[in-house]
1. Among 726, 718, 671, which is the only one that is over 20 Å from residue 487 (Cα atoms) and touching a Cys at 6+ places or on another chain (Cβ under 8 Å)?
2. Right, residue 638: open to solvent by 60 Å² or more (accessible area, probe 1.4 Å), under 34 Å from the mean Cα position of the chain (by Cα) and not charged (D, E, K, R) or not?
3. When segment 492-523 is examined, which residues are found to be out of contact with any Asp or Glu (no Cβ under 9 Å at 6 or more places or on another chain) and charged (D, E, K, R)?
4. Looking only at segment 580-612, which residues are modelled with pLDDT under 95, of a type in the set (D, E, K, R) and in contact with a Pro (Cβ under 7 Å, 6 or more places away or on another chain)?
5. Which condition number does residue 673 fail, the rest of (1) closer than 30 Å to residue 491 by Cβ; (2) assigned to a helix (DSSP H, G or I) being met?
6. Go through (1) surrounded by 13 or more Cβ atoms within 10 Å (Cβ to Cβ); (2) at pLDDT 90 or above; (3) more than 28 Å from residue 367 (Cβ to Cβ) and name the single condition residue 75 misses.
7. Can you name every residue in segment 31-42 that is touching a helix residue (DSSP H, G or I) at 6+ places or on another chain (Cβ under 9 Å), in contact (Cβ under 8 Å) with a residue 40 or more places away in the chain and either open to solvent by less than 10 Å² (accessible area, probe 1.4 Å) or among the basic types (Lys, Arg) (or both)?
8. Identify the single condition in (1) outside any strand (DSSP E or B); (2) surrounded by fewer than 22 Cβ atoms within 10 Å (Cβ to Cβ) that residue 394 does not satisfy, given that it satisfies every other one.
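The values are calculated or read from the model by the stated rules, or taken from the named source; none is laboratory data. Note that this is a predicted model, so its numbers are computed, not measured. Cβ: placed from backbone, ideal geometry, glycine included. Neighbour counts: every protein chain shown. Accessible surface areas use protein heavy atoms only, side chains included; no ligands, DNA or RNA. Shrake-Rupley method; radii C 1.70, N 1.55, O 1.52, S 1.80 Å.
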Amino acid sequence: MERRSIIVRGVVQGVGFRPFVHGLASRLDLSGFVRNQSGLVQIEVEGEASSLDWFLFELSKRPPPLAHIDRLTWEPRPTVGEGHFDIERSDCEMTGTVYVCSDVATCGDCLRELFDPMDRRYQYPFLNCTNCGPRISIVTSAPYDRQRTTMAGFPMCDACRAEYEDPGNRRFHAQPTACKACGPRIAGLDRRGHGIETNDPLEWFVAGLRAGQIGAMKGLGGYHLVCDARDVKAVAELRHRKQRDEKPFAIMVRDLESAETLCEIQPSERELLLSPRRPIVILRKRGSTSVVEAVSPGNPSLGVMLPYTPLHQLLLQKMNGSALVMTSGNGSDEPIAFLDEDALNRLGHIADRFLTHDRPINVRSDDSVTRVIAGSESPVRRSRGYAPHPIPLPVECSLPILAVGGQMKVTFALGRERDAFVGHHMGDLDHVGAYRAFEKDIALYEQLFEVHPQRIAHDLHPDYASTRYATKRGADGVDLIPVQHHHAHMASCMAENGLIEPVIGVTFDGTGFGTDGTIWGGEFLVGDYHCFRRAAHLRYVGMPGGERAVREPWRMAVAYLTDAGYGTGLMQGRIPPVALRTVNKMIEREFNSSMTSSAGRLFDAVASLAGARDVVSFEGQAAMQLEWLATGVPADGCYPFALMEIPAAPLIIDTRPLIRAVAQEVNSLIDASKIARRFHSTIVEIIAAVCARLRCNVGLDAVVLSGGVFMNALLTTDVLARLRVDGFRVYRHHLVPSNDGGLSLGQLAIAAATPPAYLT
């Protein structure tokens, strides 16, 4: 007989790991115990050596489906001879890295119970088991036990307690387990917060949706705004009340078959839809659907998700399979509402009816958004179902680190040892509510994961709210590490691909504060985590009106036309004469016209020139419409450009020939879709030409692609193909977004590798 003490680190709490260990030990006739400690699971097992060997093999090779083991170590112990195997109470005094599982969609076993009239949990909106249900959204502290979740206020009934304590039951030590007798309940409220007297709050809520009303529904990580996606008036009214004119709404459908009637779905997209993470997946629309055009106006795609809670399942069943708009319960770009009183205050002017429940949400999380590009996942927004699953770092954090991201699409990240815990999507910090949530959730994550930062990495921009937050904490003696925006983008892609070698970083986005005080965004960097050199960039042009030029792309068209010496006659008749004269004077006098090398602004300019969009109602809209115009159009050449070499300075990509050629084709009435396609092909050629030049100069063949421009599926697919043909090793994002939602990971990796030196 032998006894072994085993330590398991990773995502092993809240995923049914201890019940799995108990069952495995029982089958192998082993005695001992298993318990949670802060950041790990401790096991002691005693029995015959061959059984212990098999136990270790099964533990490491076939863990529960939601578990992820990072490290497993063991050492011998003296035998005890207790004769039984127990799950012991968690030890809260130990310290170590804590891992908390993300929320998980309802499993197949629970779904069968939900719709089985003979089951005691028939149509219960909060059923779950060890393999599914809420995790991070209900956790209040670690280690993960019921008393440290928002389920602590729901004592288990005798039947649930019996299941919870039965090693052979699927709910053995399932912390959120509950039933109709002892668990949370739903309720209906009017928009003033008054309770509705009804025996069936869900049926009352559905009756409102059928009548064309807008509902607010409390879900897993916050509130959704809901209406019938087939109802033209309801969708239009939701847009009006939410002040969201054109940005697409996501929809929820009952099952995969329903999704396939609306969209073309590839196998990799089907896998994402059905995964336990249940993200919104951006899919290509079919030619004719029952979903009204106003759900995703002018957009060839739909954001589709499947139900991920029992309450969603019951809602879709009562709606007889109708697709529902299921959009975040917030105002534009604000954090999602998750507290009941806050939801009533913020959504009361939008929703006609509220469907709420009494299970508190402790950690908010918006729906994740993703898409498939060139055959693999490309996250757009990383939140519910993904966060806070740790991302392994290729460099070790010698000290605990916090990285606070940028200003838009903000995430934060905590680093400890080789783990990066990237938080959920927070929205844009321009909003006071978003900033307050940012402060609160950082504090919560630090407490939850027991990470007390000694370094804080932040963006180089001095006026970002996240930078001001870092500066405030720096007054308490925490070391601050400023990180240039595009260096963080490059490092983010490097980190998630496990790279430590120097690379060529193609970082294309809309805005980033440069080391020379200008606005960067069309950058080719050479370097690693420690330092970088700006090796090439797009030619500078002015941004007349500053941020107003982002909202009015025609201003960038005028700026590029003027820079190219072409004149602005193309814009006459489309733009009011007074506005056109004003912008021309701003450019001429260099007044309120910050210089930028932004690739995003170049896309905006060409979108306006081609007639796709002169004014936008949400970020990136003009570039998106340019992509839609070009998608499906055969490649047909590209426009000219030039590479300008200046001694001891970065290579400059001269866009003037490109702009003159586009303007000439617009004057010749060439179809906008052909212009859009040639422009995309031109950007591919620019990237290929610059990377080839840099390979000759510095001998690097590894290229990383990052920045919001690489959300463009057509561009990314073509760039990947071209660079690979040219012999480059090309890396892209697949764990965090290429947009600013991935900045915090890059900042964290740079801070972990020691403070960077910025070389220009």
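1. Being over 20 Å from residue 487 (Cα atoms) and touching a Cys at 6+ places or on another chain (Cβ under 8 Å) holds for just one of 726, 718, 671, which is 726.
2. Yes.
3. Correct list: 496, 516.
4. Across segment 580-612, there are no qualifying residues.
5. (1)
6. Here residue 75 clears every test but (1).
7. 32, 34, 35, 36, 39
8. (1)
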